[in-house]
Every structure is written in C-alpha cells, then in structure tokens.
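*Asks:* Below is a structure I'd like to ask you about.
The values are calculated or read from the model by the stated rules, or taken from the named source; none is laboratory data. None of the values given here were measured: they were computed from a predicted structure. Using ideal geometry, Cβ is built from the backbone for each residue, glycine included, and neighbour counts are taken over all protein chains shown.
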Amino acid sequence: MFSKKVSYVTVFALLVLLVPGLAFAITPVGAPVDSSNIYGISNNDEQVGNTHGTEKLYVASAVSDADGFEVAFNDFGSSKQSSKEASPLTNIGNEEYEVSEGEGFSDPLEGWNRAMFAVNDKLYFWFMKPVAQTYGAIVPEPFRMSFSNFFYNAFTPVRLVNALLQGKFKKAGEEIASFGINSTVGILGLGDIAGSNFGIAPSEEDFGQTLGRYGIGNGCYLVLPFFGPSSARDTIGFIADSMMNPITWAFHDDHKLQYSVNMGRYVNKYSLKIGEYENFKSTSVEPYTALKNAYYQYRKEMVNK
C-alpha cells in the first residue's frame with residue numbers, strides 16, 4: 001500500500017507528464033499571453049502565460065513578481081505573464097509612475113531594504129535567471145503558458161474570497177464562471193477559454209488590496225528576501241493569502257513537496273518574463289528608488305480600482 005507521500009509524488013509526476021500533451025491539444029483554443037508583468041505578482045498566481053493572472057513577481061531587489069529580485073519572487077498577487085497584470089516595472093519612467101512630493105512609502109528600514117534589494121538582485125542573475133533560461137530552452141513556450149494557466153486557475157479561491165471581502169460581487173461571479181469554464185472546457189485550467197472565448201477579464205485581488213479598501217495604510221516599505229518589494233500591509237496580506245493557497249492545502253503534510261511545487265511554479269513564471277527586470281535596471285538611474293516608487297503606484301492603483 002502506497003503511503004500518502006508517495007501518492008502525492010505520483011500524482012504530481014503524472015501531471016508533469018500529461019500536461020504537455022494536453023497543453024498542445026488546447027493551445028490553439030487560446031491563452032493569450034502578455035509578458036507585461038513579472039515584476040508585479042499577486043498572491044493568486046500566474047499571470048504568466050495566460051490572460052488571467054495575479055501572482056506578482058516583483059523584481060524587488062533585483063529580483064522581485066511581488067517581484068525587485070522580483071527579482072525576488074514576490075507572491076503578492078499573481079503573475080500570469082498573460083495579460084492579466086501590468087507590472088510596475090513595465091512602465092517605469094512613465095509619468096503615471098512618478099511619485100509626487102508627500103506621496104510614497106516611509107522607509108525607516110532603508111538600510112535593510114537596500115541590502116535585501118542587492119541580495120535579490122544577485123539571486124536573480126546568479127540563480128533564478130540561469131535556471132529559468134535552461135528550463136525555457138527545454139520546455140516549449142506553449143507548454144509553459146499552459147502550466148501558468150493551470151496555476152492561475154488553481155488560485156481562484158484566493159481571488160474569489162478577496163473579491164467578496166471587497167464587495168466586488170460582479171468580479172466574484174466572473175471568478176466562479178472562469179473557474180468553471182477553464183476547469184472543464186479548458187482541461188483543468190490549462191487553457192484560458194474563459195478569457196479568450198468568453199471575454200472574462202483578468203482579476204488580481206489579494207488581501208493586501210482588501211486591507212487597503214478598508215482604509216488601512218501601507219505602513220513602511222519593506223523588501224523581503226527572495227519575494228522582493230512589499231509594505232507592512234502587503235506582507236500581512238501575503239501571509240493571509242498564503243493560508244488560502246491551494247498548494248498549501250494539497251501538500252500541508254509534505255513541506256518539501258510543497259516547496260518544490262512552488263519553486264517549479266516560479267521558475268515557469270520567470271521563464272516567460274526574462275528581460276523585464278534587465279530592461280528596468282538599464283533605464284533606471286537609481287533602481288532601488290525607481291522600484292519603490294513603481295511599487296507604490298502599482299499598489300495604489302490596485303486598491304483604488
């Protein structure tokens with residue numbers, strides 16, 4: 001009789017083996033990709049190859065997708081490179097991301113934040129980017145986009161709960177409809193049929209936004225190791241959303257497998273967004289400040305929309 005642990009490994013292995021074939025079958029039906037967001041991730045996850053997405057991978061320190069390492073992987077949102085989420089890094093330098101005097105984060109932990117920005121930057125260039133590039137060279141892009149769609153669909157509970165808490169009932173209904181369509185016609189969410197065929201718009205709801213809607217301020221700016229740019233409020237939101245994370249439920253008694261699945265998810269996501277962080281750094285006079293301002297404006301827009 002197989003142990004529960006062996007069963008999990010078997011199921012995951014089958015998924016990895018079967019998904020490429022299924023992805024190939026459904027790719028023509030649609031999962032438009034918009035590589036505009038790696039550095040803006042949302043707890044929900046995967047805006048990477050799908051029209052939905054909220055996993056924000058902000059390249060915070062240099063590696064952030066809630067995501068300055070985003071470059072450091074930040075899971076404050078979702079990052080489906082698909083069009084689901086606009087990255088704060090994408091529009092750096094645009095007037096819309098300029099922070100006027102009196103606005104922005106307080107930064108009492110600037111020493112720590114700059115140090116973590118540097119750490120995340122190195123993590124991105126020395127580890128995450130080479131791994132993601134190697135993975136991308138082995139796995140065809142249509143398959144990677146379908147993996148991204150799968151994870152985005154799986155994170156529906158996080159977005160749904162936050163949409164309800166924010167009183168966005170129409171958006172909550174769209175989440176339910178999208179999940180039903182993509183889980184069936186889209187074959188377990190591998191295809192974004194709801195977005196490509198039914199025009200259901202992407203969603204990026206997370207608990208940090210929910211707190212903001214209830215009038216709770218950002219608090220101080222905070223760069224998290226590996227996860228990148230954040231704030232006191234968004235860090236609390238990230239922790240809350242993590243408790244609703246389906247991966248946490250599925251592998252709650254096997255942390256090693258849980259971490260492996262999450263890391264695979266991040267590698268897949270980054271493989272679809274290589275180049276965004278590099279472009280951001282090359283066009284920023286002071287990357288640390290530019291990223292902080294971009295993240296502030298990005299979160300402000302998310303809370304107000």
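*Asks:* Just to check your reading of the model, which residue among ASP241, ASP254 is in contact with a Lys or Arg (Cβ under 6 Å, 6 or more places away or on another chain) and acidic (Asp, Glu)?
*Replies:* The match here is ASP254.
*Asks:* Given the residues GLY186, GLY191, GLY217, GLY264, which is the only one that is modelled with pLDDT under 95, over 20 Å from LEU160 (Cα atoms) and assigned to a loop (DSSP other than H, G, I, E, B)?
*Replies:* GLY217
*Asks:* So, one more: Please tell me if ARG159 is surrounded by 21 or more Cβ atoms within 10 Å (Cβ to Cβ), of a type in the set (Lys, Arg) and more than 23 Å from ILE274 (Cβ to Cβ).
*Replies:* yes
*Asks:* Within the stretch 248-267, restricting attention to residues that are over 14 Å from the mean Cα position of the chain (by Cα) and among the β-branched types (Val, Ile, Thr), which residue is surrounded by the most Cβ atoms within 10 Å (Cβ to Cβ)?
*Replies:* VAL261
*Asks:* List, please: which pairs have Cβ atoms under 6 Å, are six or more places apart or on different chains, and start with a residue in the stretch 106-124 that is farther than 20 Å from LYS273 by Cβ and end with one that is of a type outside the set (A, V, I, L, M, F, W, C) and part of a strand (DSSP E or B)?
*Replies:* Final answer for the pair search is ASP107/TYR221.
Condition check ((1) over 26 Å from PRO225 (Cβ atoms); (2) out of contact with any strand residue (DSSP E or B) (no Cβ under 9 Å at 6 or more places or on another chain); (3) not charged (D, E, K, R)) across all residues:
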position: LYS122; (1), (2), (3): no, no, no
position: MET128; (1), (2), (3): no, no, yes
position: TYR135; (1), (2), (3): no, yes, yes
position: PHE147; (1), (2), (3): no, yes, yes
position: ASN153; (1), (2), (3): yes, yes, yes
position: ASN162; (1), (2), (3): no, yes, yes
position: LEU165; (1), (2), (3): yes, yes, yes
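Here's the yes/no breakdown for (1) surrounded by fewer than 17 Cβ atoms within 10 Å (Cβ to Cβ); (2) in a helix (DSSP H, G or I); (3) out of contact with any strand residue (DSSP E or B) (no Cβ under 6 Å at 6 or more places or on another chain):
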{"position": "SER196", "(1), (2), (3)": "no, yes, yes"}
{"position": "PRO202", "(1), (2), (3)": "no, no, yes"}
{"position": "GLY212", "(1), (2), (3)": "no, yes, yes"}
{"position": "GLY237", "(1), (2), (3)": "no, yes, yes"}
{"position": "SER242", "(1), (2), (3)": "yes, yes, yes"}
{"position": "LYS269", "(1), (2), (3)": "no, yes, yes"}
{"position": "LYS300", "(1), (2), (3)": "yes, yes, yes"}
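*Asks:* Right, something else. Is there a residue being surrounded by fewer than 18 Cβ atoms within 10 Å (Cβ to Cβ), at pLDDT below 95, of a type in the set (Gly, Ala, Ser) and within 19 Å of the chain's Cα centre (by Cα) anywhere in the stretch 283-297?
*Replies:* Checked against the condition, which is being surrounded by fewer than 18 Cβ atoms within 10 Å (Cβ to Cβ), at pLDDT below 95, of a type in the set (Gly, Ala, Ser) and within 19 Å of the chain's Cα centre (by Cα), the stretch 283-297 yields no hits at all.
*Asks:* Pairs please, first residue from the stretch 242-271 and farther than 29 Å from ALA137 by Cβ, second anywhere and in a helix (DSSP H, G or I) and among the aromatic types (Phe, Trp, Tyr), Cβ atoms under 7 Å, 6+ apart in sequence or on different chains.
*Replies:* Hits for this filter: ASP254/TYR8.
*Asks:* Moving to a separate point now. (1) surrounded by fewer than 17 Cβ atoms within 10 Å (Cβ to Cβ); (2) on the phi > 0 side of the Ramachandran plot; (3) among the β-branched types (Val, Ile, Thr): which one isn't true of ILE216, the others all being true?
*Replies:* Failed condition: (2).
*Asks:* Taking TYR124, is it in contact with a Leu (Cβ under 8 Å, 6 or more places away or on another chain), of a type in the set (Ser, Thr, Tyr) and either outside any helix (DSSP H, G or I) or buried (at least 17 other Cβ atoms within 10 Å of the Cβ) (or both)?
*Replies:* no
*Asks:* Also, I was wondering about something else. Evaluate the stretch 154-172: report whether one residue or more is in a helix (DSSP H, G or I) and within 30 Å of PRO287 (Cα to Cα).
*Replies:* Taking every residue of the stretch 154-172 in turn, none turns out to be in a helix (DSSP H, G or I) and within 30 Å of PRO287 (Cα to Cα).
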